[in-house]
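Reviewing the structure listed below.
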Amino acid sequence: MHKQMTGPRAVLMAAMLATAFTSSAADAQGNVAIYGIVDTAVARMTNANARGEAITRVSSLTGTVPSRFGVRGSEDLGGGLSAVFTLEGGFNSDSGTSGQGGRLFGRQAWVGLKGSWGTLQVGRVNNMTLLAPVKSDVLGPNLFSINSIDPYLAGARSDNAIAYLGSFDGLQLGATYSFGRDNVAGGCAGELAGAAKACRQVTGLVGYEMKEYGLNLSYDKFHGTAGGAGGLDSSERFDRRVSMNGYYMLGSTRLGGGIIRRKLDAATGISESDLYYLGFSQPISAQLSFDAQAARKDVKASGDDTNMLVARLTYAFTKRTAVYGAVGRMDNRGAAAIALDLTGTVGVGMTQNGFMAGIRHIF
């Protein structure tokens, strides 16, 4: 007997079906669109444990970009003002489960207003740390990337937030303020009476971006709470990142790089590190492109550093469907144990080599 779908996913499915049938009949004042990406890779990594054994698996999180589905829309309110919204959920294509801690709309869930002055958002938003390296990080959220070195970069989003984004003849401005940065992971929902600083987060961005070049700076600081994860066990504890990101076009070749400086004040002590990255993206033909990136994590007052090299080749059948392959190497020093695969494991102090191949479809 067919099992009836219930709960929030049933509501989402009904809403998406209703949208699909009615969007074509929407009036000229507004529009709603359903969109998504399915991206799945098979990867093999060496030294996946202390015994130096290899592993081959289907990636649960991402290939070149994370799989997702979403609904977004806008309504013209007149006078150059629009109401806008986005509901976007991530999912693990190897198993069909929801990403971002099982959230229905774990990637974005916000509503706002948009005008010539910019966009104001309220809800769960992509914060400035996620947006800052979009054009300078040539690998983006690839399975092998700088996100493996600092996993926060892949999911730099804020719950309970108010956000602003504006672009003015190349000048980029943005900021977020969260009253409780994470309701699901990390145990930091915030919004507590008598604990104004608990789980608060501020991010900001200022930059200048043109077609030929661009440079931006970002700032991100969030506080912990009593019982918080990752050693942020009080509102006085914090995790702070300051980044500088830039890109430059040499004909059709894009050069991109940056530095992310982090200071973590946790129960285990204060640690500081710099993450450097530099890469390039080169179209070989109308369908074939090549990307490569080198990165280094330098842990201050420690020999637990890590170096990374990744190269990727992508063949696009169409604008919507592509296949790809990538190779990478993560060289851990001292007690470092950073896996090449964003969700993988590696033996302490070991070098890990990896290969992946996959397919991506956009709808």
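Taken together, the values in this text are just the output of simple stated rules run on the coordinates, not laboratory data. Here the structure is a predicted model, which is why all the values come from computation and not from measurement. Don't worry about glycine lacking a Cβ; one is built from the backbone with ideal geometry, like all the others, and counts go over all protein chains shown.
Identify all residues within region 177-205 that are basic (K, R) and either touching a His at 6+ places or on another chain (Cβ under 7 Å) or more than 16 Å from Y219 (Cα to Cα) (or both); write none if there are none.
Matches in region 177-205: K197, R200.
Conditions (1) surrounded by 16 or more Cβ atoms within 10 Å (Cβ to Cβ); (2) under 24 Å from S178 (Cα atoms), marked per residue:
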{"position": "D233", "(1), (2)": "yes, yes"}
{"position": "L250", "(1), (2)": "no, no"}
{"position": "L275", "(1), (2)": "yes, no"}
{"position": "F280", "(1), (2)": "yes, no"}
{"position": "F290", "(1), (2)": "no, no"}
{"position": "V310", "(1), (2)": "yes, no"}
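What is the number of the single condition among (1) touching an Asp or Glu at 6+ places or on another chain (Cβ under 8 Å); (2) aliphatic (A, V, I, L, M); (3) more than 21 Å from D137 (Cα to Cα) that V242 does not meet? With respect to (1) touching an Asp or Glu at 6+ places or on another chain (Cβ under 8 Å); (2) aliphatic (A, V, I, L, M); (3) more than 21 Å from D137 (Cα to Cα), V242 is out only on (3). Right, A286: among the hydrophobic types (A, V, I, L, M, F, W, C), more than 24 Å from G155 (Cα to Cα) and either in a loop (DSSP other than H, G, I, E, B) or in contact with a helix residue (DSSP H, G or I) (Cβ under 6 Å, 6 or more places away or on another chain) (or both) or not? Considered against the rule, which asks whether it is among the hydrophobic types (A, V, I, L, M, F, W, C), more than 24 Å from G155 (Cα to Cα) and either in a loop (DSSP other than H, G, I, E, B) or in contact with a helix residue (DSSP H, G or I) (Cβ under 6 Å, 6 or more places away or on another chain) (or both), A286 comes out as yes.
Let's see how each residue does on (1) among the small types (G, A, S); (2) over 18 Å from I259 (Cα atoms):
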| site | (1), (2) |
| --- | --- |
| G118 | yes, yes |
| V122 | no, yes |
| L153 | no, no |
| I162 | no, yes |
| S167 | yes, yes |
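Would you please name the residue that is farthest from the chain's Cα centre (by Cα), looking only at residues in region 92-117 that are surrounded by fewer than 15 Cβ atoms within 10 Å (Cβ to Cβ) and in a strand (DSSP E or B)? For region 92-117, the residue satisfying everything is G115. Screening V134 on (1) within 26 Å of V122 (Cβ to Cβ); (2) in a loop (DSSP other than H, G, I, E, B); (3) of a type in the set (V, I, T); (4) touching a Phe, Trp or Tyr at 6+ places or on another chain (Cβ under 8 Å) shows it passes everything except condition (4).
Taken over region 323-363, the criterion of being within 13 Å of M45 (Cβ to Cβ), touching a residue at least 60 places away in the same chain (Cβ under 8 Å) and of a type in the set (D, E, K, R) is satisfied by D341 alone.
Any residue at all in region 128-135 that is over 21 Å from V242 (Cβ atoms) and not aromatic (F, W, Y)? For region 128-135, residues over 21 Å from V242 (Cβ atoms) and not aromatic (F, W, Y): absent. Within region 272-284, residues that are under 8 Å from R262 (Cβ atoms) reach partners that are among the small types (G, A, S) with beta carbons closer than 7 Å, at six or more positions or on different chains, in the pairs L275/A295. For region 129-177, a residue qualifies if it is polar (S, T, N, Q) and closer than 21 Å to G279 by Cα, and the qualifying residues are T129, S136, N142, S145, N147, S148.
Residues to consider are A154, A175; find the one that is part of a strand (DSSP E or B) and of a type in the set (A, V, I, L, M, F, W, C). Even if it seems obvious, please write down each step before you answer.
Details: A154 fails: part of a strand (DSSP E or B).
After ruling out the rest, the residue left standing is A175.
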